[in-house]
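Written below as structure tokens is the structure these notes are about.
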Amino acid sequence: MATIGTDIYQAKKLLLAEELVAIPTETVYGLAGNALSKKAILKIFETKNRPKFDPLIAHVDCLDKVHSICSNIPKKATLLSDEFWAGPLTLLLDKKKNVPDLLTSGLDRVAVRIPNHPLTLELLSKLDFPLAAPSANPFGYVSPTSAQHVANQLGDKISYILDGGSCSVGIESTIVGFEEDEVVVYRLGGASLEAIQNVVGEVKVNINQSSNPKAPGMLKSHYSPGKRLILGDIMTNLKSVAPDKTGIISFKTNYSNEVRKQIILSSSGDTTEAATHIFQALREMDDANIETVLAELLPEEGLGRAVNDRLKRAAV
Ligand code: TXA
Ligand code: MG
């Protein structure tokens, strides 16, 4: 069983030996290994049971290290990294030759980000290679937002989980790439569209290529929890379910008299707060003694869009 702790030297030792370590970030926990080592990358795919056509994000702690693996960085990428790093934004940039094709699934661009978590930034600063880190969950399941979530799902496959507490953002990073002069958002995440548009103006949103494995939008059922999830107006959908076998995930409304279990994502109606709770809510519903989960969409603003994206994938 994995040890949960805060010893970055232990983490460093394992990473130098091409082993894997789960690391905290502000978005979700990552399953990390040396991004320049084929052996470590293969272990990541194997441990997650993830198909090799789904590329990994390289994590670094400073711009110098970004430049060591990327070239031809567009002006708009620099504007975005100035604004959001360290933070919940991943950029797709032309890769240099030192980046293994295995990391990018043979694509010419590598996904890179500087995560905003003190423990992980300190760990990265002590390494002379980037860390490849997909979310630390088995492929196709909800991303982990605490060390315990990682232990529950991957605890028998890795030896160390670096504990950085609960993730402050709670959903994965926003993924942005550049086509000609256009800025393209491939995954909605912890950096809102409004915030990105404030920096670079209009962007193209291209998140629905989920049947194309080379697109970063992930497979459609990526966030599938174990329970049937029905998305829509909760009062309407309540009419067709058995209340004692039903859970509700609401944005801000209290329906507690109606069903066995209820989770309100943000009673004050704050989409950023809702994002920090969504994955925990899906996990709790999975563990609850219910058959069906009713959920409703958030307003399409701020992080509401990204939460809605996760809910829609979970509902498929
Ligand atoms: O917040 C996050 O981004 C977390 C934390 C740990 O940093 N990581 C994460 O990784 O969510 P993962 O592997 O679960 O999701 C990364 C997504 C995948 O959908 C993948 O297809 C896409 O990024 N991606 C990675 N490299 C890519 C590339 N070179 N071109 C296009 N898409 C890429
Ligand atoms: Mg993932």
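Some values worked out for this structure:
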item	result
Protection-proxy order for peptides 54-63, 125-134, each taking the mean of Cβ atoms within 10 Å per residue, highest first	54-63, 125-134
Neighbour-count ranking [beta-carbon atoms within 10 angstrom, fewest first] of Y29, Y186	Y186, Y29
Whole-number D in µm² s⁻¹ for the chain, Kirkwood Cα-pair radius fed into Stokes-Einstein, 25 °C, 0.890 mPa s	124 µm²/s
Region 62-216: translational diffusion in µm²/s, Stokes-Einstein, Kirkwood Rh over Cα pairs, 10 °C, 1.306 mPa s	95 µm²/s
Distance histogram for region 220-316 (every C-alpha pair counted, 10 angstrom bins, percent rounded to whole numbers)	18, 55, 26, 1
Spherically averaged projected area in nm², based on the convex hull that wraps the Cα atoms of region 129-215	7.8 nm²
Sequence ranges 16-26, 198-208, 287-297, ranked by mean other-Cβ count within 10 angstrom, highest first	16-26, 287-297, 198-208
Theoretical FRET efficiency, 1/(1+(r/R0)^6), r = Cβ-Cβ of D108 and T6, R0 35 Å, to 0.05	0.40
Anchor K204: aspartates and glutamates whose Cα lies under 13 Å away (excluding residues fewer than 8 positions away in-chain)	E179, E180, D181, E182, E194
Extended-chain gain in nm, criterion 0.36 nm per residue less alpha-carbon gap, S240 and F53	63.3 nm
Computed E for K157/E284 - FRET, C-beta separation, R0 22 angstrom, nearest 0.05	0.40
Ellipsoid semi-axes in whole angstrom, largest first, where each is sqrt(5λ) of the Cα gyration tensor of region 91-154	24, 17, 10
Stokes-Einstein translational diffusion, region 256-313 - Kirkwood Rh over all Cα pairs, 0.890 mPa s, 25 °C, in µm²/s	205 µm²/s
Count of lysine pairs in region 1-137 with Cα separation under 16 Å (8 or more residues apart, or interchain)	15
Euclidean distance between Cα centres, region 16-93 to region 101-156, Å	7 Å
Residue-averaged 222 nm ellipticity for the chain, from DSSP H runs of 4+ at -39500 (n - 2.57), nearest 500	-9000 deg cm²/dmol
Share antiparallel - DSSP beta bridges, the chain, percent rounded to 5	45 percent
Per-selection metrics, region 1-75 (Cα): Rg and Dmax in Å	13.7, 46
Potential lengthening between Q148 and K96 on full extension [0.36 nm per residue; Cα-Cα distance subtracted]	15.1 nm
Order by protection proxy (mean Cβ within 10 Å, highest first), peptides 164-176, 265-277	164-176, 265-277
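Every read-out reported here was derived from the displayed coordinates using simple, explicitly stated rules and does not represent laboratory data. Predicted, not measured: the structure shown is a model, and the values here were computed from it. Note that each Cβ is placed from the backbone with ideal geometry, even for glycine, and that neighbours are counted across all protein chains shown.
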